[in-house]
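Inspection log for the structure reproduced underneath, given as structure tokens.
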Amino acid sequence: MGKSSKDKRDLYYRKAKEEGYRARSAFKLLQLNDQFHFLDDPNLKRVVDLCAAPGSWSQVLSRKLFEGQKDVEGRKIVAVDLQKMSPIDHVTTIQADITHPKTLNRILELFGNEKADFVCSDGAPDVTGLHDLDEYIQQQLIMSALQLTCCVLKRNGTFIAKIFRGRDIDMLYSQLGYLFDKIVCAKPRSSRGTSMEAFIVCLSYNPPQDWEPKLDINQSTEQFFEKIPSLNGISELSIDDQSHTKAQLPSWSLEERSIAEFMSCGGLDSFDSDATYHIDADDSRQRESLDPVQSPTNPPYKEALELKRRGKLTRAI
Ligand code: SAM
């Protein structure tokens, strides 16, 4: 959340502070859950939060799975991020890269080699400002999250992930259809209307019976999915190459693209993403300014600020 006055008036930003969430994105997961109720399942035991820092989704998971719950035996939440995360009750945090196979082993170890019931990923790379490159890296991250999920999720489990609805997103829907019984593209009311961001909700994981997915640092996405003929060429999904016209796409025909059901989540009574926190000008009540719920532990810009303070931040020419 930036420092501009508009951001500071953002209703969800303020509500997040009031309710003790580290980021406004908590409301996206809450609104997705209002629609699909995946976190209300009493049988939910093992949950993975990929790309979890600063941790507002993990806070939602912790509250849903543990607060006021009687039967919490066997419940475990594992949160993974490249960034270090401050502790959250009932959440085991791992500082790791989701694209590395070692991360999968660490998650499985923490689950005693049992599979997870639910995996979510709100992953977003640092943006470069080069639109095509940013979209490409984001799609690579989704593919990494999907591969890890295929190895850790149990049959009938649920996977949700942030996506950007780019040009070739319909092919991703189509391919996910081979792995899950139902795919929905959902847009929570708290996700900005102007953003291409949405979430794929993949229900009932149902891969081919004889497929044993395995992560290997040396194999491509294509090799990972090669045992599933219908998924061959899935890596082409992630290359949004401007030079590919529909007619030129190597192994994809228009029939292979599918349109996922689209759903707006959060109910008509929830606030619009651009709503501002309204304070009447003549309201004389004492207002308290709330500190951030959790300051960033080790943000990437920390080193740059330190260099700038010492006058050593120079731009290469
Ligand atoms: N869901 C989080 C929350 O509610 O607080 C916000 C997630 S933030 C939008 C995206 C996160 O993705 C960043 O913290 C970033 O470090 C993480 N990320 C990006 N690439 C990653 C990778 N390869 N492995 C692990 N985390 C990654």
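The values are calculated or read from the model by the stated rules, or taken from the named source; none is laboratory data. Just so it is clear, the model here is predicted, and its values are computed rather than measured. Note that each Cβ is placed from the backbone with ideal geometry, even for glycine, and that neighbours are counted across all protein chains shown.
Some notes on this structure:
- Considering the stretch 174-221, the residues that are within 16 Å of the chain's Cα centre (by Cα) and hydroxyl-bearing (S, T, Y) include one that is farthest from F118 (Cα to Cα), namely S195.
- Top-ranked residue in the stretch 75-133 [being polar (S, T, N, Q) and farther than 16 Å from A52 by Cα; ranked as nearest to the ligand (Cβ to nearest atom)]: T128
- D49 surrounded by fewer than 20 Cβ atoms within 10 Å (Cβ to Cβ), within 12 Å of the ligand (Cβ to nearest atom) and under 26 Å from T221 (Cα atoms): no
- Among residues of the stretch 133-147, those that are among the acidic types (D, E) and modelled with pLDDT of 95 or more, counted: 0
- Among the residues of the stretch 125-132, none qualifies, meaning not one is out of contact with any Cys (no Cβ under 6 Å at 6 or more places or on another chain), modelled with pLDDT of 85 or more and not in a loop (DSSP other than H, G, I, E, B).
- Matching option when the condition is touching a residue at least 40 places away in the same chain (Cβ under 8 Å), within 25 Å of N105 (Cβ to Cβ) and not in a strand (DSSP E or B), among I142, I137: I142
- Residue that is surrounded by the fewest Cβ atoms within 10 Å (Cβ to Cβ) [pool: residues in the stretch 26-45 that are charged (D, E, K, R) and in contact with a Gly (Cβ under 8 Å, 6 or more places away or on another chain)]: D34
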